Amino acid sequence: MSHQLLVADVLARVEAVREDMVDVRRDLHAHPELGWHEVRTTEILEKRLIEAGLSPRVLPTGTGLICDIGSGDSCVALRADIDALPVPDGVDSPWRSTIEGVAHACGHDVHTASLLGAALVLAGMARDRQLDRRVRLIFQPAEEKMPGGALGVIAAGGLDGVRRIFGLHCDPRLQVGQVGLRVGALTAAADRILVRLTGPGGHTSRPHLTADLVYALATLVTELPAALSRRVDPRAGMSLVWGRITSGSAANAIPSRGEAEGTLRCLDASVWRLADELLPSLAAQLVHPYGVEVETEVTHGVPPVINDATAIEVLHDAVQQTLGSSAIAPTDQSLGGEDFAWYLEDVPGAMARLGVRPPTQDTSGDLHTPAFDPSEEAISLGTTVLTSVALLD
């Protein structure tokens, strides 16, 4: 079969499953599940893969699965994340989330439907004896958890025999029909930071007789990011941003406990590894004058996603030959974290950014917000890219 006929065949097969995959995405969107709890999602995927004549293997954690198509000593892997976020769904659609406070606000439902579509296309090609290689599908749980469900996949042998791995991630900045490609660092390292302060507590009329814990906490949350910026190379792009601050329950009582929790992100992996020692030391120095005790926890999340140059070449060819050269877009490194990085610590590969912004809109809402509303046209495009990259590598 000529290359042009192969491309035409892929596009026709993708079109044949397009509406079905939109329905799958809507079902997943209406029934989102948080990391390590993706039971219903896993059951749906397992059923669909078995119906396609495949033999999926549920991961030892009980959610997520791995499935090989075709045969060969080594294989190329395609990965999608399947978990949702503890974020309310702010989009008024017939398939809006039915689970209060939980939504696919990062587009993992789009990723999952795209990979399932690729699975059905590749399974059909295998039945028709048009697949001359082995392709591994990885439907991964708990991407939004630190340090990420990718480590569980690796521990379960998910990368055994894999020579290269590919993935897609929704990007609301790119218009649907565009695919963002970048060699090298695509995302940042990301950690969870938790700082606990304790003191004796007391009356707000006599702060000098106790430890003013709230004042110390306020000092820490404002000064720690600034102090950090003066202790590391500014080119590393290290950023500490708080997401939760809690302390006290009464206006006239100085509390005995307080917490600040946030994320530390860094563009440079070597500088990122300094955080274990640097953050606790700086936090202790900042609150020492106020007589409170401090405990700092640094939970390592993920290293940066580093896209392999050869893998990007394969992605470039896949997009160019199926969607056209105009679909390829440059993309910058972001401070977002992505546990796809753990796979790239073991095997080469790449992640592309899948445009999901509707062409008639200035935005589809940002990731991790209730307003995120990706164009469903991106699903078949994601299926096309994933299928093609598996056939071209």
Gap in Å between the Cα centre of the stretch 161-209 and the Cα centre of the stretch 235-267? 14 Å
Select from 209, 266, 349 the residue farthest towards the positive end of the dipole of the chain; place +1 on Cβ of Lys and Arg, -1 on Cβ of Asp and Glu, and compute about the Cα centre. 209
To the nearest 20 debye, the stretch 351-393 has a Cα-centred charge dipole, built from +1 on Lys and Arg Cβ and -1 on Asp and Glu Cβ, of 100 debye
Under a Cβ-only charge scheme (Lys and Arg +1, Asp and Glu -1), can you give me the dipole magnitude of the stretch 1-73 about the Cα centre, in debye to the nearest 20? 80 debye
Applying the gyration tensor rule to the Cα atoms of the stretch 7-162 (axes a ≥ b ≥ c; rounded if a/c under 1.5, else prolate if a/b exceeds b/c, else oblate), the class is oblate
Residue farthest toward the positive end of the dipole of the stretch 275-340, with Cβ of Lys/Arg at +1 and Asp/Glu at -1: which of 324, 336, 281? 324
How far is helix 377-392 tilted, in degrees, relative to the longest principal axis of the Cα atoms in the chain, given as a value from 0 to 90 rounded to the nearest 10? 70 degrees
Give the long-range amide H neighbours of residue 253: residues separated by 5 or more places, or on another chain, with amide H under 5 Å away, using H modelled in the peptide plane at 1.01 Å from N. 204
Rounded to whole Hz, the Karplus (6.51, -1.76, 1.60) HN-Hα couplings of the stretch 126-137, x for glycine and proline: 5, 4, 8, 6, 10, 10, 9, 7, 10, 10, 9, 9
Add -39500 (n - 2.57) for each DSSP H run of 4 or more in the chain, then divide by its residues: what number comes out at 222 nm, to the nearest 500 deg cm²/dmol? -11000 deg cm²/dmol
The summed charge of the residue 94 Cβ neighbourhood (under 14 Å; Lys/Arg +1, Asp/Glu -1) stands at -3
If I compute solvent accessible area with a 1.4 Å probe over the protein chains, what percent of it on the chain is carbon and sulfur? 51 percent
When a/c is below 1.5 the answer is rounded, else prolate if a/b is larger than b/c, else oblate, so apply that to the chain with a ≥ b ≥ c taken from the square roots of the Cα gyration tensor eigenvalues. prolate
Residues whose placed amide H lies under 5 Å from that of residue 248, excluding near-sequence neighbours: 257
J(HN,Hα) series, the stretch 69-78, from Karplus relation 6.51 cos²θ - 1.76 cosθ + 1.60, nearest Hz, glycine and proline x: 10, x, 9, x, 5, 10, 8, 9, 10, 10
Tabulate in residue order the Karplus-calculated ³J(HN,Hα) for the stretch 308-321, using 6.51 cos²θ - 1.76 cosθ + 1.60 with θ = phi - 60°, rounded to whole Hz; enter x for Gly and Pro. 6, 4, 5, 5, 5, 4, 5, 4, 4, 5, 4, 5, 4, 7
Hey, got the dipole for the chain? About the Cα centre, +1 on K and R Cβ, -1 on D and E Cβ, debye to the nearest 20? 320 debye
Ranked output for segments 88-101, 178-191 by mean other Cβ atoms within 10 Å, highest leading, reads 178-191, 88-101
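The values are calculated or read from the model by the stated rules, or taken from the named source; none is laboratory data. Since we're looking at a predicted model, the values are computed, not measured. Here the Cβ is made from the backbone with ideal geometry for all residues, glycine too, and neighbour counts use every protein chain on show. The protein model used for the area step is the full one, side chains on, heavy atoms only, and it has no ligands, DNA or RNA in it. Shrake-Rupley method; radii C 1.70, N 1.55, O 1.52, S 1.80 Å.
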